[in-house]
1. For chain A, take the longest principal axis of its alpha carbons; what is the angle in degrees between that and the long axis of helix A:31-46, to the nearest 10 within 0 to 90?
2. Restricting to DSSP H runs of at least four residues, report the calculated mean residue ellipticity at 222 nm for the protein assembly as shown, -39500 (n - 2.57) per run over all residues, nearest 500 deg cm²/dmol.
3. In degrees, nearest 10, range 0 to 90: what is the angle between the Cα axis of helix A:118-129 and the longest Cα principal axis of chain A?
4. Report, in degrees rounded to the nearest 10, the 0 to 90 angle that the Cα long axis of helix B:31-48 makes with the longest principal axis of chain B.
5. Give B:Lys17/B:Lys81; A:Lys3/B:Lys106; A:Lys3/B:Lys17; A:Lys3/B:Lys81; A:Lys55/A:Lys93; A:Lys55/B:Lys15 a once-over and call out the pairs whose C-alpha atoms are over 30 Å from each other.
6. So what is the orientation-averaged projected area of segment A:36-165, using the convex hull of its C-alpha atoms, in nm²?
7. What residue among B:Leu31, B:Pro133, B:Pro100 has its Cα farthest toward the positive end of the dipole of segment B:1-152, where the charges are +1 on Lys, Arg and -1 on Asp, Glu, each on the Cβ?
8. Need one number: buried accessible surface between chains B and A, 1.4 Å probe, both sides summed, DNA, RNA and ligands left out, in Å² to 100.
Amino acid sequence: MAKAPVIDIQIVDESGSRSQFGSSVLDALTLVQYQEAFEVYAVLVNDIINGILAKASMTFLVNIAGLINNSVSPNSDVEEIGHFLWQTLGGRKVEINVPGILLDTFIPGSDDLDQADPDVAAFIAMVLNGVSTPGGTIIPTDVAEDDIDSLRRARKQTRPTGTRG
Amino acid sequence: MVFAVTGRIDFVDEKAKESFTVVRIPTGFGLSDMNLFLQTAAQAFADISGCQVTGASITLNMTLPGGLRTVASIASDIARKAFLQYRTQLSGFFNKLFIPTLDETKTVTGSEDIDQADPQVAALVAAHEVGIPVAGPATMLFTNDRIFPNETIAIAVEQHMKKK
């Protein structure tokens with residue numbers, strides 16, 4: 001069953017403590033329309049509280065039902081990650097890691113990922129060259145929206161469960 | 001400063017342990033374009049991971065409007081919540097909201113009930129019940145997480161939650 005988009009609003013009280021509440025909304029509008037409605041909603045919320053609205057975001061779920069070869073492999077482990085360190089046009093470093101990296105993607109005798117492996121190469125190309133969409137090519141960026149433009153290293157790492165991959 | 005849109009992809013392994021990864025993308029694209037990007041990226045991840053991709057989502061920042069309160073009242077406390085429960089258009093299903101730092105002047109004297117006759121409370125309740133009109137024309141309707149739109153308010157009370 002489809003799930004609704006969610007507007008999350010973070011509120012701060014006089015002691016600096018923060019709390020967040022979320023509200024689901026119908027998934028039939030454009031981003032411009034959601035922003036317009038949110039600006040009205042923020043004022044309505046502001047009027048019944050005495051804290052301050054610190055920030056707000058909106059989350060949309062993506063339909064991944066069309067993925068192929070998407071199943072759990074024996075002995076897969078999210079704690080074994082493919083660590084990809086990228087650099088952006090702004091000179092910042094960005095990690096985009098792959099939890100449960102397939103162990104046959106490594107160069108034998110090393111912890112380095114085999115960048116010549118077709119699927120690894122395709123993943124790297126997707127990040128560096130982006131994905132073509134009707135609205136233009138979307139290339140992953142750093143937090144300041146500078147495009148990723150090079151790969152600095154790709155190797156195996158291990159990280160505890162529950163942390164970001 | 002404008003911050004990039006956050007794409008998140010979730011994974012689960014053979015032992016049912018979970019993890020996720022984040023891919024940031026630029027603002028300025030429509031929802032359908034960002035959807036296509038995340039679907040393509042999720043496939044690229046699935047092709048080199050032994051885990052199963054269990055979900056993907058896009059999170060973008062909303063711009064706060066001007067004129068909002070910039071200093072919290074000394075009486076404000078995130079543990080004091082406005083608990084609002086709405087019946088949805090599908091009978092038997094509800095939608096609950098807990099809004100922090102409820103202004104206590106919005107409650108009925110001598111009661112924990114939120115004063116629905118207060119104009120500002122009434123305006124918020126009305127927005128939750130019938131939505132907010134936007135250019136199009138269209139209406140942003142509030143729903144529960146199963147996309148059942150709110151219908152009418154059922155409960156509106158002050159609640160204090162445990163504060164850690």
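1. Between helix and principal axis, roughly 50 degrees.
2. Taking each H run of at least 4 residues, the total per residue is -5500 deg cm²/dmol.
3. 40
4. For B:31-48 against chain B, the angle is about 50 degrees.
5. On the way: B:Lys17/B:Lys81 34 Å; A:Lys3/B:Lys106 32 Å; A:Lys3/B:Lys17 23 Å; A:Lys3/B:Lys81 25 Å; A:Lys55/A:Lys93 26 Å; A:Lys55/B:Lys15 36 Å.
The answer is B:Lys17/B:Lys81; A:Lys3/B:Lys106; A:Lys55/B:Lys15.
6. 12.2
7. With unit charges placed on the Cβ atoms, the residue in question is B:Leu31.
8. Roughly 8700 Å².
The values are calculated or read from the model by the stated rules, or taken from the named source; none is laboratory data. Values in this document were obtained by computation on a predicted structure and should not be read as measured data. Note: ideal-geometry Cβ built from the backbone for every residue, glycine included; neighbour counts use all protein chains shown. Quick note on the areas: whole protein, heavy atoms, side chains included, nothing else; ligands and nucleic acids left out. Shrake-Rupley method; radii C 1.70, N 1.55, O 1.52, S 1.80 Å.
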